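Below: one structure, written as structure tokens.
The values are calculated or read from the model by the stated rules, or taken from the named source; none is laboratory data. Given the structure is predicted, the values throughout are model-derived calculations rather than measurements. Neighbour counts are summed over all protein chains in view; Cβ atoms, including those assigned to glycine, are modelled from backbone coordinates with ideal geometry.
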Amino acid sequence: MTDMITMIFKTDLSIQITLIILIALSLLFIKNKIILLFTGISKKTATEFDDILLKSLQIPLTFLIVVVSLVFITETLNDTYQLFDDFNKPKILYVLTIIIIAWTLIKVLDNYYNSKSFLKGLKSSDDPVVIEQTYEITIRIFKIIVILISLLTLMQEFGLSISGLLAFGGVGGLVVGLAAKDLLSNFFGGLMIYFDRPFKVGEFIKSPDRNIEGIVESIGWRLTVVRTFSKNVLYIPNSAFSNIIVENATRMTNRRINEVIGLRYEDLDKIPEIVNKVRAYLDQNSNIDQSNKPVVYFKSFSASSCDFFIYAFTNTKDWREFLEIKEDVLYQTSKIISENNAAIAFPTTTIDWTQN
């Protein structure tokens with residue numbers, strides 16, 4: 001190896017290699033200056049895409065200049081010493097171009113995902129976590145598409161039949177699709193969860209169709225993990241969510257108080273006063289949403305009671321706070337009933353005993 005290097009520098013070959021290295025260094029210097037110039041210009045523009053593009057081009061362009069220089073040096077050495085029997089420079093440069101383009105596109109997608117404009121969009125959105133998950137899966141899909149197209153292009157360059165591969169892939173995909181029908185349905189079910197965003201990690205969901213109720217812990221490609229209030233874990237296939245109704249309790253605007261209270265029949269004449277006082281109490285309660293006016297009315301005659309109902313919405317969505325507010329409403333209602341010398345009815349049965 002030492003003898004070979006000595007021979008190179010004793011011939012005109014060393015001048016060629018030196019020129020190639022000098023040209024490569026000059027191109028790197030010019031590249032840095034041009035990118036620095038355009039970076040200064042892009043900072044004055046309103047869009048951030050030009051900054052992302054310039055940032056994504058820096059490393060791939062450096063790699064391209066260095067590798068192309070090595071290719072030319074290798075070709076120069078090969079012409080003199082016949083190091084390789086089949087050295088195809090155009091094919092190597094073509095392959096490098098495809099790799100650089102794919103690498104740049106992937107870096108553009110990654111830099112966009114980490115960009116300030118993307119983060120600002122998340123902060124301004126109502127549901128940043130779900131938006132982030134949707135963008136993440138979308139960018140992953142685009143990256144997979146870029147990689148697949150690049151691989152197919154390179155395979156065609158190396159003489160592989162793309163049409164035959166695609167035909168085989170179509171038949172193979174059909175066989176795999178039939179064999180893994182449930183797996184694919186779960187995959188696309190997870191994809192629809194990402195795009196439709198019916199729920200996200202950390203939200204409380206329940207389904208009236210299935211025995212599902214709990215906090216979403218994770219959303220995977222195949223399964224969604226839900227932890228119930230009993231601390232059990234439900235592993236639900238994603239395909240199940242395309243066939244059931246899902247209620248997202250976390251996204252409710254208010255919690256509802258819906259109670260029916262029965263009074264004794266002997267207190268029938270006191271019901272109007274009681275209803276008016278309960279209604280006035282709810283109208284002045286700061287914990288009740290006054291934009292949805294509380295409703296208190298005499299409802300019906302039941303078997304052993306005269307019923308009136310309370311229908312109101314609380315300002316809070318928190319479950320514990322809601323229970324405290326509801327508890328206070330029921331206590332105050334019972335107090336109003338007692339102040340009017342009435343009582344809450346309980347189930348009674350009257351037997352008419354007639355002796356013959």
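Structure data summary
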{"read-out": "Contacts under 7 angstrom Cβ, first residue in the range 239-268 being surrounded by fewer than 16 Cβ atoms within 10 Å (Cβ to Cβ), partner assigned to a strand (DSSP E or B) and of a type in the set (Asp, Glu), 6 or more apart", "value": "VAL260/ASP307"}
{"read-out": "Those helices (runs of 4 or more DSSP H) lying entirely in the range 74-174 with at least 1 residues surrounded by 13 or more Cβ atoms within 10 Å (Cβ to Cβ) and at pLDDT 65 or above", "value": "89-113, 128-157"}
{"read-out": "Residue match in the range 50-65 (condition: surrounded by 14 or more Cβ atoms within 10 Å (Cβ to Cβ), at pLDDT 70 or above, part of a helix (DSSP H, G or I) and under 23 Å from the mean Cα position of the chain (by Cα))", "value": "yes"}
{"read-out": "Answer from ILE274, ILE257, ILE205, ILE244 - the residue that is outside any helix (DSSP H, G or I), assigned by TED's automatic domain parsing to the domain that holds TYR311, closer than 30 Å to TYR311 by Cβ and not charged (D, E, K, R)", "value": "ILE257"}
{"read-out": "Set SER305, SER338: member being modelled with pLDDT of 90 or more, buried (at least 16 other Cβ atoms within 10 Å of the Cβ) and over 26 Å from ASN254 (Cβ atoms)", "value": "SER305"}
